[in-house]
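To keep things clear, I will list the structure first and then write my remarks on it.
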Amino acid sequence: MTKKSPNPIDKHVGSRVRMRRMMVSMSQEKLGENLGITFQQIQKYEKGTNRIGASRLQHISNVLGVPVAFFFEGAPSGSPATGFSEDSSPAYVSDFLATSEGLALTRAFTRISDAKVRRRIVDLVEALVNETPAS
């Protein structure tokens, strides 16, 4: 018997919960306390292994100060996009922002007011990537 893998939407919603929780500098334990559940349950939600029910997601959105729709932004649709809708951010952007390093880098980078300095940082990072040997 094989273990069922998490649904891509559940994983996405969980990663958005994690990203927002980290953005507001809240621990899993503190979020769990606010929701009346354990931090282990928060971990399962964030990994997508446990699905978040509608009422619980509404409560999470209130605690984290975002609308419920925030958790679905950029979610995989499962079907090709139609019409003239704007493409959502690629999954790697959400994945990056869901890490502590990605969030710290984004926060620091957006505080740099000089556009030329920001451009030089981007150039530096791109040069570092080009110099790093592929593994």
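The values are calculated or read from the model by the stated rules, or taken from the named source; none is laboratory data. Everything quoted here is computed from the prediction, not taken from an experiment. So basically every Cβ, Gly included, is an ideal-geometry build from the backbone, and we count neighbours across all protein chains shown. Note: areas computed on protein heavy atoms with side chains; ligands, DNA, RNA excluded. Shrake-Rupley method; radii C 1.70, N 1.55, O 1.52, S 1.80 Å.
Spatially close Lys pairs in the chain, defined by Cα atoms under 26 Å apart and a spacing of eight or more places or different chains, total 10. Extending 7 Å from the Cα toward the beta-carbon at both Val117 and Arg51 defines two label points whose distance is 4.9 nm. Rolling a 1.4 Å probe across the protein heavy atoms gives the chain an accessible surface of 72 Å² per residue.
Computed from the C-beta positions of Thr110 and Ala69, the FRET efficiency with R₀ = 25 Å rounds to 0.65. Remark: the chain carries a charge dipole of roughly 400 debye about the Cα centre, counting +1 on each Lys and Arg Cβ and -1 on each Asp and Glu Cβ. In the chain, taking the dipole from charged Cβ atoms about the Cα centre, the farthest positive-side position among Met22, Leu124, Gly74 is held by Met22. For Gln28, what is the net charge nearby, where nearby means another residue's Cβ is under 13 Å from its Cβ and Lys, Arg count +1, Asp, Glu -1? The answer is +3. Shown for the stretch 7-79: the carbon plus sulfur share of the solvent-accessible area, taken with all protein chains present and a 1.4 angstrom probe, equals 50%. Which part of the stretch 1-30 falls in the paramagnetic zone of Gln43, meaning amide N under 14 Å from the point 7 Å along Cα-to-beta-carbon? Within reach of a label on Gln43: 28-30.
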